[in-house]
Amino acid sequence: MAEALAAVALAGNVLQFFEAVTGFTANASRICRSQSAGEASSNLKDLRGVVSDLQGLLMKLHPQDALSSEPRIDLASLSRNCANTVQELLTKLDSIGLGRQGRGDLLLAEFRAMWNSQAIQELETRVMRFRDQLAFHLVVTVRDLATQSLAQQDVILSELRRLGNHLGNTQPRNGSGRESMSAPGSFFIRTLSVYLSGPGENNEQQLHLLRSAMYANITAPRDDDKKIRADFKLPDDVRHGLQREFISKFHYEEREHRKFNIRSPHNETFKWIFPNGSLHKKTTFSKWLQSDGALFWITGKAGSGKSTLMKYISEPQDDQGETLCHPYLKQWAGRARLLSASFYFWASGTAMERSQDALFKSLLHQIFRRSPGIIPRVAPSHWESLCLLGPPLSVNWSGEGLQQVFLHAFREVVAAGNKICLFIDGLDEFDGDLTVLISTIYKVSKMSNMKVCVSSRPWEEFEQAFGEKPSLRVQDLTLPDIQRYVKDHFNRNTGFKRLQDREPDFAGSLLNEIVEKSAGVFLWVKLVVTTLLAGLSNDDRVSDLKRRLDNLPPELERIYANILGNIDPFYYEHACQYFNFVMTCDGSPDALLTAYADEDLDSAVEIPVHTLRAAEKQLLLETLRRRLNSRCKGLLEIGVGDRVNFLHRTAKDYFASAEAGEQIEKALVKSKYDPYLQLCSAHFCMLKTNGNLQRRPVVANGWLNFSDSTLEACLEAASQITQQRWLAIPILDSLRKVLLASGYSPMYCTIIPSQTRKFVRGNENYVGNSFLALAARFGLAYYLDAKVPAGACCKLTPRSGSRTLSLASSKSRTHEIATRMRRIIQGGLRSRKHDTGEAAHEAVAARAPHSQLLRTGEVDSEAGEWPLLIAACFTNPPNVEVFRTLLERGAKCGAPWNFGNTDFEFVGVGTLGFGKYQSVLSVILGIAVLSICVVDAEHKTRLRCWKKIVQLLRSHGALAAYQSEEVSAEVLGQIWKDKSTARYHSGKTLDQVLTELLWE
């Protein structure tokens, strides 16, 4: 015990070393960058305080007690290495007389010569290595602790808690004993925090860096990555809480939307699928459930009821998750534990609901909930990080990584003695490569003790894949169900009862004719019954009813066209607006959003900022429900979760057709209806009434966090408007005023469009924090044209003393790219003598260890105005019209960059750093080149747009410094030398990219 406490004390001293050296490197970097003697002198005074701290720390880093165990011997060695580093640092500083007064400019020159970019970088690298070593020792210690009995853990943690209190930690930061057991690693880190100088941004950063280093150590790939790392002793409630945290990583908002929007079948429908007396049809399904057969295919026409059937057979009937299939599946499972899970693709839903990632996440979520014990075997490193460090779990599986987790999880579930049956509906609604989906299904079905039941339309791809497997065609088996449905609905109608009294023979033949014409398509029957019941309620004559039935075509698409053509002319345009709006949205739009979109644009400006009351919302939704019913005749409806859905996927398919599109466009041409204008207005109303503006702004990792992304959605919609854009200007003006009044002005810098965030991770200082900069980032050229002043700059909203976090990659090539790009783009605008301080600062930043927290930077409060051309660079793809508008407003590309040192990180490529010595044009071209090097779906479009922008810049005389390809090649050759052959994601060197951008 005593040795363990001594090791903790030693680790605390090492952490104190990190704090002191970080303070030293920050001051050293500021001195190297100082533009004035006064500023440099001030920083030297601060540095003397840091030196004093280092002198006091030196003795603490020499272990006083002997540590016997090997990990702790290594910790003592680490402490001695830190002490040697401090001694070396003090010796160097003493050699130039830092402690002596009155040396002025001579001292400054000697300091800059000693602490150049390479020296600072080497020191930072050494600290990073030491931090990794400390993280390793802490992980070993905490792992050993977590495998002790609960009683032993409690004793050790109590001693640590007393140690923290003894050292003056009066804050309740260490938590209760139960909290400590749930995350002993985080508890250790909080205990070590008492060795730091006190609460503050830098100290919090040190703790964050240490936790990140521990996390990186735990999750680093290992040879035994598929094995349980240790048997951690956890209280049951703690274990269950960590399991819930892990499982939550497989949840997504729309996970059950499709299932809840599938209606339950009509009374007695589908009973034939299981043995049940006279209702049972001789299908092979129940036999398949009982057999060792791995794959079953349910197919049928569009609208025949496949999804309803899949929900009927797979929906759990109790808390144990047992379905109607379980009595038959148990005969197959024998004594093994039986599990089942289901998933529904949805073409009318969001992109996520149509994806393979959704399939994997939904099924994993269900299986992990039923078998949480397999989590340590499926993801041993991430489970260990949870057990040792506690939530949150910093991982978001997707793509190939998610598929690997999916396959591994099911192998582990089966290996644990379970048998599993999966139900996957709507393969034809999957948005992707069907061969990949089919291959995945076969991989799963070929696992031992697995069954998979799938459903789809009878497309050729599925016929070839599943045609030889046991199957059933829904429309061949539902004739009795359709008869029952028609009979029940007609018998409940008083108009039909009157028809039976008047024309009993015709009444009977009418029912039979509907059933015969249905061809097994339940949806067709529903539409026909609705139409005929409307006539019966009006006491239509026999001839009228015959005409109604004869006018209804057998194809669903023609029925939709018929319904659209028969909408009341007074409401026809309004109905087309609804159809157009829903088709524009990604997935099924929120009903409240749709209700707001249905209002006049003035209401978006006039509605006050407030939290919408339940009664207000209910009134809006009921009004929308009545309007949809009267205008759209059942083709649109408010479903579960208050989402506006099409009646069926076939209805959406029809309105996506060229025929329906032409009709709707013709109906809306006079009013110039633009769904994006209404969507912008609606999102603004949502923002004003969802309560977010009345809460304190939350910033996570440098990004402004709106829980529902409403502001971004509003601006994204505004960027898509094509009709009557001038109508959006009052809405955007009002949005600006509302944000200012709600205190969001200083946060403008953190709002970057989602499309851009896919390839650029962050920013330091500002990317322009005015609303005009925000408009430029979202491509609102028409708004800028109306509002931008001459010179195309905007006033910054100063934040006195505030700092903005920057995100950066830890890849070793980051600094190399940043430095080379800076030199390439500047094209000789400065001499090499300025390299020393700036390169040093960038080198330290680029090699920040493990963590996303890079460094902080102060905005130059005297910088003046922010060039909107820079904000325009952060649109994906870049908006040519925004650049054109700004250049026409007099934007000056040759203006100097007056905003300190700013870093932009491009995913998979590197970090681009800029300093005061460069021009706005340098920044623009630097961002252009690195964004082009990011290879993604927008890569080619981005390249085309940047070429057009370069042509614009040339036509405005902005590229005067680059008059010939020879000049560019000469600069590149001098700077890059033998490194110019390095290639990046685009397959080209950066000099090739720049040359292509400027000259091809």
Tell me the carbon and sulfur percent of the accessible area for segment 537-587, rounded to whole percent, probe radius 1.4 Å.
45
With the 1.4 Å probe rolled over protein heavy atoms, segment 516-670 has an accessible area per residue in Å² of 48
Spelling it out for residue 421: with amide H atoms placed in the peptide plane at 1.01 Å from N, the residues 5 or more places away or on another chain with amide H under 5 Å from its amide H are 339, 340, 341, 451
Give, in whole angstrom and from largest to smallest, the semi-axes √(5λ) of the equivalent ellipsoid of segment 256-348, with λ running over the eigenvalues of the Cα gyration tensor.
22, 17, 13
Within the accessible area of segment 427-498 (1.4 Å probe), percent carbon and sulfur
46
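Of the listed pairs 526/633; 259/526; 306/517; 287/311; 737/787; 672/947, which have alpha-carbon separations greater than 23 Å here?
From the list (526/633; 259/526; 306/517; 287/311; 737/787; 672/947), the Cα-Cα distance tops 23 Å for 672/947.
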Segment 491-563 pair-distance distribution - Cα-Cα, 10 Å bins, rounded %:
19, 56, 24, 1
Kindly rank 711-718, 90-97, 337-344 from highest to lowest mean number of other beta carbons found within 10 Å of each residue.
711-718, 337-344, 90-97
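State, as an integer percentage, the relative contact order of segment 541-672 based on alpha-carbon contacts under 8 Å between residues 6 or more apart.
Result for segment 541-672 is 34 percent.
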For a quick check: with amide H placed at 1.01 Å from N, whose amide H comes under 5 Å from residue 295's, ignoring anything fewer than 5 positions away on the same chain?
452
In segment 425-467, which trypsin sites (Lys or Arg not before Pro) are in a loop and have at most 14 other Cβ atoms within 10 Å, using DSSP for the loop call?
446
HN-Hα J couplings of segment 403-408 from phi, Karplus 6.51/-1.76/1.60, θ = phi - 60°, integer Hz, Gly and Pro as x?
4, 5, 4, 4, 5, 5
Provide the FRET efficiency to the nearest 0.05 for the residue 92-residue 369 pair, computing r from the beta carbons and using R0 = 60 Å.
0.55
When every protein chain stays in place and a 1.4 Å probe is rolled, 946, 726 sorted by accessible area with the largest first are 726, 946
Along segment 558-570, Karplus-curve 3J(HN,Hα) (6.51, -1.76, 1.60; θ = phi - 60°) to the nearest Hz, with x for Gly and Pro, reads 6, 5, 4, 4, 5, 4, 4, x, 9, 5, 3, x, 5
Determine ³J(HN,Hα), in whole Hz, for all residues of segment 209-221 in sequence, where each value follows from phi through the Karplus function 6.51 cos²θ - 1.76 cosθ + 1.60 and θ = phi - 60°; x replaces Gly and Pro.
4, 5, 5, 5, 5, 5, 4, 5, 5, 5, 8, 4, x
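The values are calculated or read from the model by the stated rules, or taken from the named source; none is laboratory data. All values reported here derive from a predicted model rather than from experimental measurement. Counting neighbours? That spans all protein chains shown, and the Cβs are built from the backbone with ideal geometry, glycine included. To get the accessible areas, we keep the full protein, side chains included, count just its heavy atoms, and leave off ligands, DNA and RNA. Shrake-Rupley method; radii C 1.70, N 1.55, O 1.52, S 1.80 Å.
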